[in-house]
Amino acid sequence: MNFFDKLSRSQSKNNSLVCVGLDTDSAKIPKFLLSKSEPIFAFNKGIIDATADLVSAYKPQVAFYAAEGIKGINSLIKTVAYIHKTYPQIPVILDAKRDDIGNTAEKYTQEVFDVIGVDAVTVNPYLGLDSLEPFLQRKDKGIIILCRTSNPGAADFQDLKVGGISLYRVVAKKIVSWHKKYGNCLMVVGATWPKQLKEIRQLAPKITFLIPGIGAQGGDVEKTVKAGINKNGRGMIINSSRGIIYASSGKDFAQAARQETLKLRDEINKYR
């Protein structure tokens, strides 16, 4: 089953566009978990088991695991394997923003797909198509290309004019053309830029968007959904990380995460 098949099934089964971001920081997880042999995995497992019937995807951010060294990477790999085994219908996206020249990009594809074992990965298009081809050639995987990011500094480069057109619009058009050729492209468009999100949806009516920026970053759910939804009421994977996984620092952390996920799912569905 390829990434898009998994995503479609999970969105249908759970009636959800929510993606829970597993940005697991050992300094922020409940203190009682630190006595466990694998506290990061124990935390992730609790969140996953409490929310698996409410989500369309999970998205670990690789930096939080790499910062813990080998033990952290092992917890990441174990988390991905747990989702695949226990909830095989739910895709896992690795937020890694990988990209490099061809032979290095090939190694990155092995890292994310063969070692870590995810269904999709975020990538940076700055080096151009040849740097992305090793990823794009993995036809069963989702390749999620940065277009308009959620951070305030996105405008520093993404708003620059290229032939009179904003760079993010140029990138969006490229992604559309690459998707026609490879069939496995998505794009990152931040919820913090609803006007630009609407413009990009008009340029890319058939592309699925990974939407960061809801929750701790302050993106508005109603504006985001109305700007980015496609004609089928889908086309979006709406991520929330800190706003869900750190809803409680106590022993009820998993139940609190479930309540926040349910709240977000239902709010999104009001506007679909």
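The values are calculated or read from the model by the stated rules, or taken from the named source; none is laboratory data. All figures in this text were calculated on a predicted structure; none of them were measured in a lab. Note: ideal-geometry Cβ built from the backbone for every residue, glycine included; neighbour counts use all protein chains shown.
In table form, for the structure just shown:
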| item | result |
| --- | --- |
| Test: residue in the range 246-266 that is of a type outside the set (D, E, K, R), touching a helix residue (DSSP H, G or I) at 6+ places or on another chain (Cβ under 8 Å), within 17 Å of L17 (Cβ to Cβ) and not in a helix (DSSP H, G or I) | no |
| Cβ pairs under 6 Å, 6+ apart, first in the range 147-162 and at negative phi and surrounded by 11 or more Cβ atoms within 10 Å (Cβ to Cβ), second among the aliphatic types (A, V, I, L, M) and not in a helix (DSSP H, G or I) | C147/M187; C147/V188; C147/V189; R148/V189 |
| Evaluation of D100 against (1) touching a Leu at 6+ places or on another chain (Cβ under 6 Å); (2) more than 24 Å from N2 (Cβ to Cβ); (3) of a type outside the set (V, I, T); (4) part of a loop (DSSP other than H, G, I, E, B) (one fails), failing number | (1) |
| Residue match in the range 173-188 (condition: surrounded by 15 or more Cβ atoms within 10 Å (Cβ to Cβ) and among the small types (G, A, S)) | no |
| So I29, is it within 19 Å of G117 (Cβ to Cβ) and of a type in the set (A, V, I, L, M) | no |
| Residue check, P30 surrounded by 21 or more Cβ atoms within 10 Å (Cβ to Cβ) and in contact with a Gly (Cβ under 9 Å, 6 or more places away or on another chain) | no |
| Candidate set: the range 188-235, residues that are out of contact with any helix residue (DSSP H, G or I) (no Cβ under 7 Å at 6 or more places or on another chain) and among the hydroxyl-bearing types (S, T, Y); chosen: the one nearest to Y246 (Cα to Cα) | T192 |
| Filter result (of a type outside the set (A, V, I, L, M, F, W, C) and under 16 Å from the mean Cα position of the chain (by Cα)) within the range 6-43 | K6, S8, S10, Q11, S16, G21, D23, T24 |
| Some residue of the range 36-44 being crowded, with 21+ Cβ neighbours inside 10 Å and in contact with an Asp or Glu (Cβ under 6 Å, 6 or more places away or on another chain) | no |
| Exclusive hit being of a type in the set (K, R), touching a strand residue (DSSP E or B) at 6+ places or on another chain (Cβ under 7 Å) and modelled with pLDDT of 95 or more, set K6, K71, K59 | K59 |
